[in-house]
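Here is the structure we will look at.
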Amino acid sequence: MKNLKIYILLALGVFVSSCSEDDKVTVNVVDAVTRGAVLRTVAITGGAMDVLDENAIVTIEIEEQDAELGALLSEVRVYANLVDNTDDATTTTTETLLTTLPASAFSTGEFGLPRGSFSASQAEIATALGIAFGDYNCGDQWNLRLELSLTDGRLFTDTDATGNISGGSFFSSPYNYRISLIAPLASDDLFTGQYQLTTVTPGIYGVADYLDGIYTVESVDNTTKVIKDVTSFPAFGGFGPVDVEFQLVCGQIILSPAQSVGAGCNAAIQSGPAIINATYDLANPDDSDFIINFTSDETADCTSAVQAQFRLTKI
């Protein structure tokens, strides 16, 4: 009996020692972790600009989150550049600081975190880059990049965002925004209404990204449309529903980038623009039947990206 008691005491001693060592390791790991920060996209207004309207304005509302619930926010810097997508690509610019948002420009939002916004007109962006009206064309893009500066000296921008941060449903923090320069349609009602969606070319794994069926297409603005409440990946049981946004830009039909399909393998599967976009007649647009080309799994979250397409037929 005495030996049994000794064995039990020894076993308890080993157990307590093991727990203590594990706790020390856990504490050391937690102490060694340095938490980052994110800028969450709350809303974007004017995500596409009329190339002929120098007074067109883009407004982006953001929310900052850090380990101290916003207390580490110092400022957010906004940089601008031109993405020259025209065939001649003759306009060259250098990324330039457009504006700076100090912490004092933020107020507490609905989640108790700092929220702020900035606006810029097309003329202001062009002036900052040292170019004039006519140096940019329909089909080009303004690139707006955000840089978050914390009070401890750390900086965060688009190169620091993982798939979960840049495309996740809550964080939605790409730090980088492409504002397309467009030619407006004659009517906001074009490319809206009830449409039959039919898969033409499947995406990853040889299956449809979106369920064939009848959907409502609504206008976000004159050249930005959204297919409402679409079920994704029906072959795998269906996910979503998600809204699928596309833009009509200078004769091209472009699926908007970084659109989550509501499922993922490592982070989030995203659909985005095709390598070669479908087209429409800029002078006489026909919205009765058209194709949308897109990239399935554009960030290769599950497998290699695949070029896919679906058809929308008005009913």
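All of the numbers you see were taken from the coordinates with simple rules; none came from a lab. This one's a predicted model, so the numbers in the text were calculated from it and none came from an experiment. Ideal geometry is used to build each Cβ from the backbone, glycine not excepted, and the neighbour counts take in all protein chains shown.
Descriptive notes on the structure:
- Taking the fewest neighbouring Cβ atoms within 10 Å as the starting point, the ordered list for GLU75, GLU298 is GLU75, GLU298.
- Cβ crowding within 10 Å, taken as a proxy for footprinting-reagent exposure, orders PHE233, PHE246 from fewest neighbours to most as PHE233, PHE246.
- Projecting label points 7 angstrom from Cα along Cα→Cβ for THR151 and THR108 puts them 1.6 nm apart.
- Once the Cα-Cα distance is subtracted from the 0.36 nm per residue extended length, the ASP189 to ASP88 segment shows a gain of 33.1 nm.
- At full extension, THR216 and ASP281 could sit 21.2 nm farther apart than now, given 0.36 nm per residue minus the alpha carbon distance.
- Ranking of PHE118, PHE294, PHE191, PHE236 by count of other Cβ atoms within 10 Å, fewest first: PHE236, PHE118, PHE191, PHE294
- Modelled label positions at ALA67 and ALA235, each set 7 Å beyond Cα in the direction of Cβ, lie 4.4 nm from each other.
- Pair CYS265, ASN176: separation of 7 Å Cα→Cβ label points (nm): 2.2
- Estimated from the Cβ-Cβ distance and a Förster radius of 30 angstrom, the FRET efficiency linking THR99 and ARG35 is about 0.65.
- The local environment of LEU312, defined by Cβ-Cβ distances under 9 Å, has a net charge of 0 under the rule Lys, Arg +1 and Asp, Glu -1.
- Calculated log₁₀ intensity ratio I(q)/I(0) where the Debye formula runs over C-alpha points of the range 37-182, q = 0.13 Å⁻¹: -0.58
- Percent RCO, i.e. relative contact order, over the range 193-314, from Cα pairs under 8 Å lying at least 6 residues apart: 25
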